[in-house]
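The structure appears right after this line, and notes come after that.
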């Protein structure tokens with residue numbers, strides 16, 4: 001299948017938003033999917049999504065492998081979600097509001113994006129001085145949903161992206177390049193509902209920073225979760 005990642009879906013400048021790109025592999029998946037990003041995803045460029053069978057797929061530009069996906073089992077201890085009011089309060093201290101943001105035009109966390117154009121998820125520390133968990137609210141509009149008002153999977157996975165990095169960034173650790181994400185979409189997310197998104201640190205091994213993220217419905221039920229591997233970036 002041929003596709004392209006429009007410039008609207010950039011994360012860091014000049015490359016596709018990792019969560020959005022990973023979410024392109026979610027269609028038709030039954031259970032958790034692991035997506036490994038091998039190279040920066042070019043924007044406004046003809047790409048090819050290849051089905052290799054048994055749930056394995058690759059995203060290529062010509063002969064170059066950009067990303068690959070395979071079915072896995074996600075083992076993740078998801079903490080209790082912050083309340084809606086806690087998530088709203090956390091947003092004020094989000095790195096999205098500091099010095100122009102982490103990546104100011106990022107599809108996921110850039111607060112300079114217009115509503116309905118970017119996700120505008122500004123995750124901040126849940127507790128005063130707490131660096132292990134961040135949270136934000138997210139109210140996806142109709143531009144992110146299908147005709148039935150269900151948020152499309154690529155946007156759900158995109159929402160699970162940046163909060164994982166932010167769990168480290170608020171702790172002074174510049175984790176900003178997504179290398180791998182394992183996600184599991186449990187239940188549909190409804191456009192127009194105010195959700196809670198949270199991210200937390202799992203651990204660090206050398207340059208690898210491991211984070212968990214989760215999306216919750218207004219009633220506190222778990223809709224989706226992910227475990228991501230991040231790498232430091234230099235600003």
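The values are calculated or read from the model by the stated rules, or taken from the named source; none is laboratory data. What you see is a predicted model, and the numbers here were worked out from it, not measured in a lab. Cβ coordinates were reconstructed from backbone atoms using ideal geometry, including for glycine residues, and neighbour counts include every protein chain displayed.
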- Residue, modelled with the highest pLDDT, within segment 125-143, restricted to residues that are surrounded by 20 or more Cβ atoms within 10 Å (Cβ to Cβ) and in a loop (DSSP other than H, G, I, E, B): 140
- Task: Evaluate the following for residue 177: is it within 22 Å of residue 24 (Cα to Cα), assigned to a strand (DSSP E or B), assigned by TED's automatic domain parsing to the domain that holds residue 107 and at pLDDT 95 or above?
- Result: no
- Task: May I ask you to verify whether residue 59 is in a strand (DSSP E or B), free of Cβ contacts under 8 Å to residues at least 60 places away in the same chain and surrounded by 22 or more Cβ atoms within 10 Å (Cβ to Cβ)?
- Result: yes
- Evaluate segment 108-116: report whether one residue or more is closer than 13 Å to residue 162 by Cα, in contact with a helix residue (DSSP H, G or I) (Cβ under 9 Å, 6 or more places away or on another chain) and surrounded by fewer than 18 Cβ atoms within 10 Å (Cβ to Cβ). yes
- Filter segment 144-172 down to the residues that are in a loop (DSSP other than H, G, I, E, B) and touching a helix residue (DSSP H, G or I) at 6+ places or on another chain (Cβ under 9 Å), then identify the one that is farthest from residue 58 (Cα to Cα). 170
- Message: Checking residue 217 against (1) surrounded by fewer than 24 Cβ atoms within 10 Å (Cβ to Cβ); (2) within 24 Å of residue 89 (Cβ to Cβ); (3) touching a helix residue (DSSP H, G or I) at 6+ places or on another chain (Cβ under 7 Å), only one condition comes out false. Which one?
- Response: (3)
- Go through (1) in contact with a strand residue (DSSP E or B) (Cβ under 9 Å, 6 or more places away or on another chain); (2) farther than 17 Å from residue 197 by Cα one by one and return the number of the condition residue 82 breaks. (2)
- Might you let me know whether segment 86-100 holds any residue that is loosely packed, with under 15 Cβ neighbours inside 10 Å, in contact with a helix residue (DSSP H, G or I) (Cβ under 9 Å, 6 or more places away or on another chain), outside the structural domain of residue 159 (by TED's automatic domain parsing) and more than 20 Å from residue 183 (Cα to Cα)? no
